[in-house]
Amino acid sequence: MTQNDYSRMEEHLDDMGLEQGPTVVTRWVSFTVADETYALNVLDVQEVLRAAEITPIPGAHPAIRGIINLRGNVVTILDARIFFSLPEKPFDDDSRIMVVELRSGEVAGIVVDSVAEVIALDEEIVNEAKRSSSDEGSSHILGVVTQQSEKGNDKLIILVDLKGLSDLGEK
């Protein structure tokens, strides 16, 4: 086939409305906080813990629950409910600590109500959600995407970027 043949084939695909390139998919870990579904990029999540003994830090930011010892490393633990200005809830059987790497290279944990699943989202949809989110007050919210639930209705998933959490102590 000549280059001209490839060009004609691409034009034919365009005329048919078919995509030329492969779809790029990103993976997200979905979790719930106060009956809302959130998601973190799977590359930012190091692990998910069931429970840990959290040592409180007097005088810390209200969203900081305390610290834990994770295999010899001190990890700061935040409460997602307080961070998102929601009512507090005690740790229960569904609660999890998501350990994430921050922009500074530090590792932190965030307490969530439950961790659901790893979902795949088309990068184009994710980028569109990022562009549509312009609220200056929600610096950790990348955007919102809609996904079809198992029951057939649409559910909203709030995409979160927690890499900047290391700024919390400075506020």
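Observations on the structure shown:
- Of the candidates 23, 37, the single residue that is part of a strand (DSSP E or B) and modelled with pLDDT under 95 is 37.
- Selection of the stretch 102-115 for residues being under 27 Å from residue 35 (Cβ atoms) and buried (at least 16 other Cβ atoms within 10 Å of the Cβ) yields 102, 108, 109, 110, 111, 112, 113, 115.
- Tabulated pairs, the stretch 88-106, first touching a residue at least 60 places away in the same chain (Cβ under 8 Å) and part of a loop (DSSP other than H, G, I, E, B), second of a type in the set (D, E, K, R) and open to solvent by less than 100 Å² (accessible area, probe 1.4 Å), C-beta under 6 angstrom, 6+ apart or interchain: 102/163; 103/163
- Number of residues in the stretch 47-92 that are over 22 Å from residue 144 (Cα atoms), among the polar types (S, T, N, Q) and exposed (fewer than 15 other Cβ atoms within 10 Å of the Cβ): the value is 3.
- Cβ pairs under 7 Å, 6+ apart, first in the stretch 61-78 and without any contact (Cβ under 8 Å) to a residue 12 or more places away in the chain, second surrounded by 11 or more Cβ atoms within 10 Å (Cβ to Cβ): 74/67
The values are calculated or read from the model by the stated rules, or taken from the named source; none is laboratory data. Just so it is clear, the structure is predicted and the values come from calculations on it, not from any experiment. Neighbour counts run over all protein chains shown; Cβ positions are idealised from the backbone, glycine included. Surface areas here come from the heavy atoms of the whole protein model, side chains and all, with no ligands, DNA or RNA. Shrake-Rupley method; radii C 1.70, N 1.55, O 1.52, S 1.80 Å.
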